[in-house]
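Undergrad: The structure follows.
Each reported figure results from applying straightforward, stated rules to the coordinates on display, with no laboratory input. Source: prediction; values computed, not measured. Note: ideal-geometry Cβ built from the backbone for every residue, glycine included; neighbour counts use all protein chains shown.
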Ligand code: AMP
């Protein structure tokens, strides 16, 4: 038996799991200010939600999906990302009535069969959001701003991050541009890697994303969509940039940013952080996908969103020395002098917890000395000592672990005494 976690996965051990919960809490607090509601979709979907939604010619669909047949022979796939799932769910449940818009967020694990390396896992955790129904450039700016504010809120310094922005055009201007890039690639084929040659017909724009140095230098001279956007796309892009400027969100235009999925139209963006990350330096990214609802069988509904990766965000936070709050495991430790008071200790601990105070007691028959050590390890500020002598008088001793000061209090006044001392 192989009793280790599968390659590319990791257990979120308590310290990391705490960080994940902190990132979620921070997201919930921030997203609430922008009017987002939670939506949790299943971890797997019918495979065609992704093949259609993400696109047949993408790396995710071609190489990275965990696809399996269930016992009834249906083809199912563990979600490699959540946008297609959220849109599927919104269509299925009519979450976007005509003429309105809906703001949704999610958090959870995603699955991609990638070659694991630092910041690249096969099961990784994302927090993301989607806005469905809104097409104004101001919403693009709002969504991008929220990603930036989130990274600031979790303690990644602005100077460690770069926000890259581009427009991928739409059905008006992209097809002609795509053909132009395909023509360019064909004329430069000898300088490009095998893979870029292979997907020349299916997904030529992906060549902008290739990390092969030969391909990078060839693509430096490739035509740019920025120069070929149709009027409405150029206008939209310009208004997004202006809106970002009015709220002081720093961005760099990156005309070669083509995000890997087929569904993007117009605005795309990515936040990169160098400190703490290697080549996998994109901590979050997203874009607009005005055609996705139709691809998934719904009426035309504009949409946009982003996702950030937990593992990479945490690497960037750690590199910046960001603080992750770690409250003590107990504020109060209730110590037992001997077995005759076991019941009193159990009741006192339970009462404190019922009153909302983090309290702990011994379950290992430790000596009194060892109980004090344990209280220290847990970070308890107070130790309540109960012994036969105190018990006979209906009292307990409260010891302040910092000052060493000890006081006797009536057992029925314990909660108030603890509260007063914890402040
Ligand atoms: P994507 O859906 O590829 O745009 O990814 C959005 C974010 O998820 C990225 O910016 C990363 O932070 C994170 N991410 C994507 N793929 C992985 C992976 N294989 N391992 C860890 N994080 C990932």
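Undergrad: Using a Förster radius of 30 Å, what is the FRET efficiency between residue 136 and residue 221 based on their Cβ-Cβ separation? Nearest 0.05, please.
TA: Efficiency at R0 = 30 Å is approximately 0.30.
Undergrad: Sorted by packing (mean other beta-carbon atoms within 10 Å per residue), highest first, where do 389-396, 181-188 land?
TA: The peptides rank, most packed first, as 181-188, 389-396.
Undergrad: Please list the equivalent ellipsoid semi-axes of the range 332-422, computed as the square roots of five times the alpha-carbon gyration tensor eigenvalues, in descending order and whole angstrom.
TA: 16, 16, 13
Undergrad: In whole angstrom, note down how far apart the Cα centers of the range 118-180 and the range 74-95 are.
TA: 20 Å
Undergrad: Also: How high is the FRET efficiency between residue 274 and residue 412 when r is their beta carbon distance and R₀ equals 45 Å, given to the nearest 0.05?
TA: 0.15
Undergrad: Once Rh for the range 301-345 is found with the Kirkwood sum over Cα pairs, what is the Stokes-Einstein diffusion coefficient at 20 °C and 1.002 mPa s, in µm²/s?
TA: Once the numbers are plugged in, D ends up at 136 µm²/s.
Undergrad: Per 0.36 nm of contour for each residue apart, how much would the distance between residue 100 and residue 4 grow if the chain were fully extended, relative to their Cα-Cα spacing?
TA: The residue 100-residue 4 span can extend by a further 29.7 nm.
Undergrad: In what order do 411, 127 fall by count of nearby beta-carbon atoms within 10 Å, going from fewest to most?
TA: So the ranking, lowest neighbour count to highest, is 411, 127.
Undergrad: Sorted by average packing, counted as other Cβ atoms within 10 angstrom per residue and highest first, what order do 114-123, 244-253, 132-141 take?
TA: Final packing ranking: 132-141, 114-123, 244-253.
Undergrad: Something else now. Considering only C-alpha atoms, what is the centroid distance from the range 1-42 to the range 197-251, in Å?
TA: Taking the Cα centre of the range 197-251 as reference, the centre of the range 1-42 is 31 Å away.
Undergrad: Just to be sure I follow: if Rg is taken over the C-alpha atoms of the chain and Rh is the Kirkwood radius over the same atoms, what is Rg/Rh?
TA: Ratio of gyration radius to Kirkwood radius for the chain: 1.11.
Undergrad: Please tell me the relative contact order of the range 332-422 in percent, rounded to the nearest whole number, where contacts are Cα pairs under 8 Å and at least six residues apart.
TA: 30 percent
Undergrad: How high is the FRET efficiency between residue 56 and residue 18 when r is their beta carbon distance and R₀ equals 51 Å, given to the nearest 0.05?
TA: E between residue 56 and residue 18, to the nearest 0.05, is 0.80.
Undergrad: Moving on to the next point. If you stretched the chain out fully between residue 366 and residue 72, how much longer would it get, using 0.36 nm times the residue separation minus the C-alpha to C-alpha distance?
TA: The residue 366-residue 72 span can extend by a further 100.4 nm.
Undergrad: Report relative contact order for the chain in percent, whole number only (criteria: Cα-Cα under 8 Å, sequence separation at least 6).
TA: 15 percent
Undergrad: Still on this structure, I have one more. When a/c is below 1.5 the answer is rounded, else prolate if a/b is larger than b/c, else oblate, so apply that to the range 150-192 with a ≥ b ≥ c taken from the square roots of the Cα gyration tensor eigenvalues.
TA: Since a/c reaches 1.5 but b/c is at least a/b, the shape of the range 150-192 is classed as oblate.
Undergrad: Obtain the nm distance between the two label points defined at residue 234 and residue 322 by a simple spin-label model: each point lies 7 Å from its Cα along the Cα-to-C-beta direction.
TA: 3.8 nm
Undergrad: How would you classify the range 140-257 from its alpha-carbon gyration tensor, with a ≥ b ≥ c the square roots of the eigenvalues: rounded for a/c under 1.5, else prolate if a/b is greater than b/c, otherwise oblate?
TA: It comes out oblate by the Cα gyration axes.
Undergrad: For the range 332-422, give me the percentage of DSSP beta bridges that are antiparallel, rounded to the nearest 5 percent.
TA: Beta bridges within the range 332-422, antiparallel portion: roughly 55 percent.
Undergrad: A further question on this structure: Which whole-number percentage describes the relative contact order of the range 39-182, with Cα contacts under 8 Å and a sequence gap of 6 or more?
TA: 18 percent
Undergrad: Another one. Kirkwood-based Rg over Rh for the range 227-273 (C-alpha set), two decimals?
TA: Expressed as Rg/Rh, it is 0.96.
Undergrad: Further question: Determine the shape class of the range 191-290: with a ≥ b ≥ c the square roots of the Cα gyration tensor eigenvalues, call it rounded for a/c under 1.5, and otherwise prolate if a/b is greater than b/c, oblate otherwise.
TA: Oblate, since a/c reaches 1.5 and b/c is not below a/b.
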